[in-house]
């Protein structure tokens, strides 16, 4: 019961506060460590095998630090007072969730396009995607935002929630470490081809079940909010594997079906063209209001998933 209450309080904090830039955040610390170690060891001068092994070391060292440090601080907090320890646990869980922060970033792109035009939209969307944005059309920018929100509904909320439910607050931080490594070095393109290989595979493994849970809950959410849930199921079944990632296509296919648009296609990442299959049918062109719709789907998916997981956890007692 204590863990369930902690999750609801952390979820409430996320919806209330999002992620203030000035606040201390474990993911920022993880990113600082990754950058420091990569610069320290000058990985680009090493052989392919050495780069791969360095990628393994990067993962293991970060995970050991995250687990050890979080358990140590949590132990100190509980020694001070049970409520201090509980508060620390709630804060850790809160830092694992990013539903409102994701919606805020999506809205920033929408507002930039609506108020300041295409160039402003390109600059703003570059803050949340890895692809080159200099030549994107408005339609492509909207698609990029929708894909990001869809994928990160799983990566940014459902997956960490799964790890918290199974392993507690430290489990959530372990997932965030895995996901942060993938987002920073888990690319097939140079210079991360070898150093990021282990990170990408580990992230694929960590997200395999959560992505499929997201698929199911997103369909339920689309029914609740009056979106095209039948089309969401149709496209979700047909196109969920039309993606280079074994997981990202699951939430993206449901969103494409629910909105009646087509996602995917070839993009430029780090200066290299990357082919991506299309997802969904091009029944219509994406419009700005679709960003509001995918944000609505994000919020309802997160709420329904917390409700379902709470019920399952309490029923298992």
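The values are calculated or read from the model by the stated rules, or taken from the named source; none is laboratory data. Fair warning: this is a prediction, and the values are worked out from it, not measured in the lab. Heads up, the Cβs are rebuilt from the backbone with ideal geometry, glycines too, and the neighbour counts pull from every protein chain shown.
For segment 262-273, residues that are surrounded by fewer than 19 Cβ atoms within 10 Å (Cβ to Cβ) and either more than 26 Å from residue 108 (Cα to Cα) or at pLDDT 95 or above (or both) total 2. Could you tell me whether segment 202-209 includes any residue that is within 25 Å of residue 43 (Cα to Cα), modelled with pLDDT under 95, surrounded by 23 or more Cβ atoms within 10 Å (Cβ to Cβ) and in contact with a helix residue (DSSP H, G or I) (Cβ under 8 Å, 6 or more places away or on another chain)? No, segment 202-209 contains no residue that is within 25 Å of residue 43 (Cα to Cα), modelled with pLDDT under 95, surrounded by 23 or more Cβ atoms within 10 Å (Cβ to Cβ) and in contact with a helix residue (DSSP H, G or I) (Cβ under 8 Å, 6 or more places away or on another chain). The requirement of being exposed (fewer than 15 other Cβ atoms within 10 Å of the Cβ), touching a residue at least 60 places away in the same chain (Cβ under 8 Å) and under 26 Å from residue 114 (Cβ atoms) is fulfilled somewhere in segment 287-307, by at least one residue. Scanning for something modelled with pLDDT of 95 or more, surrounded by fewer than 17 Cβ atoms within 10 Å (Cβ to Cβ), over 30 Å from residue 164 (Cα atoms) and within 24 Å of the chain's Cα centre (by Cα), does segment 95-114 turn up at least one residue? Yes - at least one qualifying residue is present in segment 95-114. Set side by side, the residues 139, 147 differ, and just one is in a helix (DSSP H, G or I), surrounded by fewer than 23 Cβ atoms within 10 Å (Cβ to Cβ), at negative phi and in contact (Cβ under 8 Å) with a residue 60 or more places away in the chain, which is 139. Could you list, in sequence order, all residues of segment 42-52 that are without any contact (Cβ under 8 Å) to a residue 40 or more places away in the chain and surrounded by 13 or more Cβ atoms within 10 Å (Cβ to Cβ)? Passing the criteria: 46, 50. Only one entry in 165, 158, 178 is touching a residue at least 60 places away in the same chain (Cβ under 8 Å), over 23 Å from residue 233 (Cβ atoms) and crowded, with 21+ Cβ neighbours inside 10 Å, namely 178. Among residues of segment 53-70 being touching a helix residue (DSSP H, G or I) at 6+ places or on another chain (Cβ under 6 Å) and more than 11 Å from residue 177 (Cβ to Cβ), the one that is surrounded by the most Cβ atoms within 10 Å (Cβ to Cβ) is 55.
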